[in-house]
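As structure tokens, the structure follows; a few thoughts come after it.
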Amino acid sequence: MLLVSALGITHHIVAPDRLARSAEQAAPHLRAIWAATAAGAIGFGHVIQHSGAFRFTSGRPVVLIVGDDFDLSFGPAAFHRKSLRRFLRDAGAAVIVSGAPDPMPYGAALAGAILTGKNAAIIESREAHEPAWIALVKEAQPGLPMLVSTPGATSSVRH
């Protein structure tokens, strides 16, 4: 099974049984994604701030987590713009999580990838950068189904 990560671009191959065991111990918001990766339904990717260009290929839809929710959040400027736009242009769904890692938005991205057969992006950020992330998603693919999970607000689907 393919588990991909981008720090530069690093690819990790993880045996499905090992990934399935890890899924059982993963944080609740990631369990379904890891289990789907172990089952071969999706590929999984993760990029962090300032990691440079990235591209994911797995022969199946990739659920990509864009990690901009560390102690310091920089918004889209901290990521390789061309890589982000390319990934989002080819995606079937995007989720922006500005609050706590609730399993529902992560599950929505997973369902989007499986149902459309296209990539899905989960952008983990802070509320201050939410408008910039929404603008980037709309710029990359106008009309892309987008779920926004904001602290203290009801999640909604926005276009």
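Per residue, the convex hull spanned by the alpha carbons of the stretch 16-149 comes to 98 Å³. Amide H contacts under 5 Å for residue 65: 45, 46, 47, 122, restricted to partners 5 or more places along the chain or on a different chain, H placed in the peptide plane at 1.01 Å from N. Annotation: amide H-H contacts under 5 Å for residue 119 (H modelled 1.01 Å from N, sequence separation of 5 or more, or interchain): 62, 92. Sequence-ordered 3J(HN,Hα) estimates for the stretch 112-129 from the Karplus curve with 6.51, -1.76 and 1.60 and θ = phi - 60° stand at x, 5, 5, 6, 8, x, 10, 4, 9, 10, 10, 9, 9, 8, 10, 4, 4, 9 Hz, glycine and proline given as x. Rounded to the nearest 10 square angstrom, residue 87 shows an accessible area of 20 square angstrom against a 1.4 Å probe. Over the stretch 62-110, all Cα pairs binned in 5 Å intervals from 0 give whole-percent P(r) values of 4, 17, 28, 26, 19, 6, listed from short to long.
Within the accessible surface of the stretch 16-149, defined with a 1.4 Å probe on protein heavy atoms only, the carbon and sulfur portion equals 56 percent.
In this structure residue 31 has an accessible area near 100 Å², from a 1.4 Å probe over the protein heavy atoms. Taking θ as phi - 60° and the Karplus parameters 6.51, -1.76 and 1.60, the scalar couplings of the stretch 135-146 work out to 4, 5, 4, 5, 5, 5, 8, x, x, 5, x, 9 Hz in sequence order, x denoting glycine and proline.
The residues of the stretch 16-149 expose, per residue, 44 Å² of accessible area to a 1.4 Å probe.
For the stretch 83-91, 3J(HN,Hα) computed residue by residue from phi via the Karplus equation (6.51, -1.76, 1.60; θ = phi - 60°) reads 5, 4, 4, 4, 4, 5, 4, 9, 7 Hz, glycine and proline entered as x. Amide H contacts for residue 96 (H built 1.01 Å from N in the peptide plane; partners 5 or more residues away or on another chain; cut-off under 5 Å): 123, 147, 148, 149.
Residue 46 sits with roughly 60 Å² accessible to a 1.4 Å probe, with DNA, RNA and ligands left out of the calculation.
A straight line joining the Cα centroids of the stretch 124-148 and the stretch 59-106 runs 9 Å.
The values are calculated or read from the model by the stated rules, or taken from the named source; none is laboratory data. Note that this is a predicted model, so its numbers are computed, not measured. Note: areas computed on protein heavy atoms with side chains; ligands, DNA, RNA excluded. Shrake-Rupley method; radii C 1.70, N 1.55, O 1.52, S 1.80 Å.
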